[in-house]
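Student: What follows is a structure written as structure tokens; I'll ask about it next.
The values are calculated or read from the model by the stated rules, or taken from the named source; none is laboratory data. Everything numeric in this text was worked out from a predicted model, so none of it was measured. Neighbour counts are summed over all protein chains in view; Cβ atoms, including those assigned to glycine, are modelled from backbone coordinates with ideal geometry. Ligands, DNA and RNA are stripped out before the accessible areas are found, and what is left, the full protein with its side chains, is counted by its heavy atoms. Shrake-Rupley method; radii C 1.70, N 1.55, O 1.52, S 1.80 Å.
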Protein chains: 2
Amino acid sequence: MKQLSSLELQKQINAYIEALSYMRDPRKLYDPIDYVLTLGGKRLRPVLMLMAYNMYREDVNRIFSQAAAIEVYHNFTLLHDDLMDHATVRRGKSTVHVKWNENTAILSGDTMLILSYYYMLQNCSSNLMETVMFEFGRAALEVCEGQQLDMEFETMSEVSEDEYLKMIRLKTSVLLACALKIGALLGGASGQDAQMLYDFGIKIGLAFQLQDDYLDVYGDTALFGKNIGGDILCNKKTFMLITALKNADEKTRLHLQKWLLDQQCQPSDKIKAVTEIYNELSVPDICKAKIQSYYKEGMELLDRLSVAPEKKTILSSYIVGLMQRNL
Amino acid sequence: MKQLSSLELQKQINAYIEALSYMRDPRKLYDPIDYVLTLGGKRLRPVLMLMAYNMYREDVNRIFSQAAAIEVYHNFTLLHDDLMDHATVRRGKSTVHVKWNENTAILSGDTMLILSYYYMLQNCSSNLMETVMFEFGRAALEVCEGQQLDMEFETMSEVSEDEYLKMIRLKTSVLLACALKIGALLGGASGQDAQMLYDFGIKIGLAFQLQDDYLDVYGDTALFGKNIGGDILCNKKTFMLITALKNADEKTRLHLQKWLLDQQCQPSDKIKAVTEIYNELSVPDICKAKIQSYYKEGMELLDRLSVAPEKKTILSSYIVGLMQRNL
């Protein structure tokens, strides 16, 4: 059975998404959608869906609409999240509420959410339609729950590691897991395999997010694509900060909190000082160990999948490639 | 075959909607949804869906989930529209972005949209699922398009009657039509009957909206439930204003425009003056004739439906009752 490489899958789904026509009126509603969907990106979720499918069936083009749906949904969440977070830039371009206005961001986002359901439904095999739509809906709901928790954490004085892991599972992992599960189900996988791929997606998503937290402090700006220390500057309760606060003795905790409360300091001084505290407390090692552990648990689930080992290599190599971003 | 009265249907669907449990976490995401869904209202859309169903089948409780879905969707649009319009009160209570905040209004609204799809899917007969979901999705999309046009009209210097009618068809009629069509389809109606009920919904929706425009000027405050002249004060391009501008001679048009541009005048003076211009131009009669014409076209469609005449009386009396709000 022929399996396509990650690059080939990305190319094909990208072409499919860019060719989606929003030639409906009113243009001011659909132009922002066009804009957002042609900003590019890794197309991680559709690629994962297609890879899961491709382990069981060859004709990946049969589920391009579902793969596009998950990407449209993801981009809807980015659009509304950026509005809620007052973010001005996404993928190097102005966000929709900046380029247009807030009402456009609300309404074009709503329209994208409706379109994502439309694409998920389109050409979906009828015996799986109910399952697919429920899986998608559940994930969609959980992503909103994750975003709500993320916003609540901003004003909470302390967030536990468990609470944080629950939030990133909902906000990030669940949609990756759902993409993999739907791909597997549509490919004809057993319920057991589909669920194993779901669980694999959860673990891998957690590893990705913790890696993002790590790279915000220790990444290479050029490779990471964001400025280093952004999370530190806005006191974001990442795995790094939560771990530091948990493991610090009284003196170090006070020292760390002084930096968190200091609004007059030079940004570079704050980044340097907080990073040094992280280093003293072995936070980078603890984080790397946690990432490795999720990664390992994920890969073990992949091993147990009831398909020939050689069929799993494209997916596992893809994940390895994503995990190797200068960690 | 037993058919339930409009009051009985409203009571049953109201009980069903109020019993929907949002016991999920986080509470700050679901509390606003609970709040919005228990504010009451006529439950017009679910009642129409149940009535359409009830012309073909008795067991209306079989589609309570779909009826709730259309109400949840409608309330999602109210929530986001109120945010976009900066409205502070809805059904006598604070709107969600006032009672909570803007981000809550965005995210709880998004969640309601996802929930509406969930309810539409739940217990939907599998042979009709695809049709029902596509019908719902198309209507959902068109409502957004209508809202976009409505917002664009605010800053346009002139809106034609045709443009206005297109906007209210999308923003108001389409969802009533969709409710009726889905109810009919689930009840086992022929495609022809279902389409005729859809078209009936379009006509009746247009009549309702024009009646709203009329009542804003000529209604009885106590019965109408809103202050008279609100549309006049904010220069809203209703059917009344569009008709007046279309039919006015040069002198009257200038007179009308003077009032539209005057931001210093007493509200009561403006309402009185603009109403007098409407009277001179026979705008109320033109509007009433238009309402009657849509109402008549709708009722003719209902006549042609292939069910026994006595089965149509509950629906037609319900519409008559709604049309008689002090017109």
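Student: Please report the relative contact order for region B:32-92, taking Cα pairs under 8 Å with a sequence separation of at least 6, and give it as a percent rounded to a whole number.
Tutor: 40 percent
Student: Give the cross-link partners of B:Lys311 among the aspartates and glutamates, using a straight C-alpha distance below 14 Å as the criterion and excluding same-chain residues fewer than 8 apart.
Tutor: The reachable aspartates and glutamates, counting only those whose Cα sits under 14 Å from B:Lys311, are B:Glu58, B:Asp193, B:Asp303.
Student: While we're looking at this one, here's another question. For region A:290-302, in order, what is each residue's ³J(HN,Hα) by Karplus, 6.51 cos²θ - 1.76 cosθ + 1.60 with θ = phi - 60°, in whole Hz (x at glycine and Pro)?
Tutor: 5, 4, 4, 5, 5, 4, 5, 4, x, 5, 5, 5, 4
Student: So, one more: Run the label-point distances for B:Thr88 please: 7 Å along Cα to Cβ, every other copy, nanometres, shortest first.
Tutor: Its label point is 3.1 nm from the equivalent points in the other copies.
Student: Rounded to the nearest Å, what's the spacing between the alpha carbon centres of region A:295-324 and region A:250-292? Just the number, please.
Tutor: What the calculation gives is 34 Å, centre to centre.
Student: Taking the Cα centre of region B:69-211 as origin, work out the dipole magnitude from +1 charges on Lys and Arg Cβ and -1 charges on Asp and Glu Cβ, in debye rounded to 20.
Tutor: Result for region B:69-211 is approximately 600 debye, rounded to the nearest 20.
Student: Considering the options A:Thr221, A:Leu245, A:Leu165, tell which one lies farthest towards the positive end of the dipole of chain A, charges being +1 on Lys and Arg and -1 on Asp and Glu at the Cβ, about the Cα centre.
Tutor: In chain A, that residue is A:Thr221.
Student: Over the Cα atoms of the protein assembly as shown, what radius of gyration and what Dmax do you get, in Å?
Tutor: Every Cα atom of the protein assembly as shown included, Rg and Dmax give 27.7, 84 Å.
Student: Is it possible to state the helix-based mean residue ellipticity at 222 nm for the protein assembly as shown, with each DSSP H run of 4+ residues giving -39500 (n - 2.57), the sum divided by total residues, to the nearest 500 deg cm²/dmol? What is it?
Tutor: My calculation for the protein assembly as shown gives -23000 deg cm²/dmol from helical runs alone.
Student: With the alpha-carbon atoms as the only input, what is the per residue convex hull volume for region B:189-283 in Å³?
Tutor: 114 Å³
Student: If you don't mind, another one. Quick one: label points 7 angstrom along Cα→Cβ at A:Gly191, distances to the other copies in nm, smallest first?
Tutor: 3.5
Student: With θ taken as phi - 60° and the coefficients 6.51, -1.76 and 1.60, list the Karplus ³J(HN,Hα) couplings across region B:261-278 in order, rounded to whole Hz; mark glycine and proline as x.
Tutor: Karplus-based 3J(HN,Hα) across region B:261-278 equals 8, 6, 9, 9, 5, 5, x, 5, 5, 5, 4, 4, 5, 5, 4, 4, 4, 3 Hz.
Student: Using a ≥ b ≥ c from the Cα gyration tensor of region A:89-198 (square roots of the eigenvalues), is it rounded, prolate or oblate, where a/c under 1.5 gives rounded and otherwise the larger of a/b and b/c decides, a/b for prolate?
Tutor: oblate
Student: Additional query: In terms of modelled amide H atoms, which long-range or inter-chain residues lie less than 5 Å from the amide H of B:Ile228?
Tutor: Answer set, sorted by chain and number: none.
Student: Considering only the label points, 7 Å along Cα→Cβ from Cα, what distances in nm to one decimal separate A:Arg138 from the same position in each other copy, shortest first?
Tutor: 3.1
Student: Then there's this: List the extent of the Cα atoms of chain A along each of their three principal axes, largest first, rounded to whole Å.
Tutor: 62, 50, 32
Student: Is the shape of region A:275-327 best called rounded, prolate or oblate, per the rule: a/c under 1.5 gives rounded, else a/b larger than b/c gives prolate, else oblate, with a ≥ b ≥ c the square roots of the Cα gyration tensor eigenvalues?
Tutor: Taking the square roots of the gyration eigenvalues as a ≥ b ≥ c, region A:275-327 is oblate.
Student: Hey, if you put +1 on the Cβ of every Lys and Arg and -1 on every Asp and Glu Cβ in region B:2-67, which of B:Ile17, B:Val60, B:Thr38 ends up farthest toward the positive end of that dipole?
Tutor: The residue sitting most towards the positive pole is B:Val60.
Student: If I take every Cα pair under 8 Å that is 6 or more residues apart in chain B, average their sequence separation and divide by the length, what percent do I get for the relative contact order?
Tutor: Relative contact order comes out at 19 percent.
Student: Within the protein assembly as shown, what whole-number % of the accessible surface is contributed by carbon and sulfur, with the 1.4 Å probe and all protein chains included in the calculation?
Tutor: 50 percent
Student: Something else about it: Pairs A:Lys28/B:Lys290; B:Lys42/B:Lys296; A:Lys28/B:Lys270; A:Lys237/A:Lys288; A:Lys203/A:Lys270: which exceed 25 Å Cα-Cα?
Tutor: A:Lys28/B:Lys290; A:Lys28/B:Lys270; A:Lys203/A:Lys270
Student: May I ask you to give the solvent-accessible area per residue for region A:162-245, in square angstrom, as obtained with a 1.4 angstrom probe?
Tutor: Here the per-residue accessible area is 31 Å².
Student: Same structure, new question: What does the average come to when, for each residue of peptide B:101-107, you count the partner chain Cβ atoms lying within 10 Å of its Cβ?
Tutor: Average per residue, whole number: 5.
Student: Give the interface area between chains B and A as buried accessible surface, both sides summed, probe 1.4 Å, in Å² to the nearest 100.
Tutor: Buried area between the two chains comes out at roughly 3700 Å².
Student: Which of rounded, prolate, oblate describes region B:126-170, given a ≥ b ≥ c as roots of the alpha-carbon gyration tensor eigenvalues and a/c under 1.5 marking rounded, otherwise prolate only if a/b is larger than b/c?
Tutor: Since a/c reaches 1.5 and a/b is larger than b/c, the shape of region B:126-170 is classed as prolate.
Student: Could you derive backbone 3J(HN,Hα) for region A:179-193 from the dihedral phi with the Karplus parameters 6.51, -1.76 and 1.60 (θ = phi - 60°), listing whole Hz in sequence and x where the residue is Gly or Pro?
Tutor: So the Karplus estimates, Gly and Pro as x, are 4, 5, 5, 5, x, 5, 4, 5, x, x, 4, 5, x, 5, 4 Hz.
Student: Place +1 on the Cβ of every Lys and Arg and -1 on the Cβ of every Asp and Glu in region B:30-90, take the dipole about the Cα centre, and give the residue among B:Val47, B:Leu83, B:Ile70 whose Cα lies farthest towards its positive end.
Tutor: B:Val47
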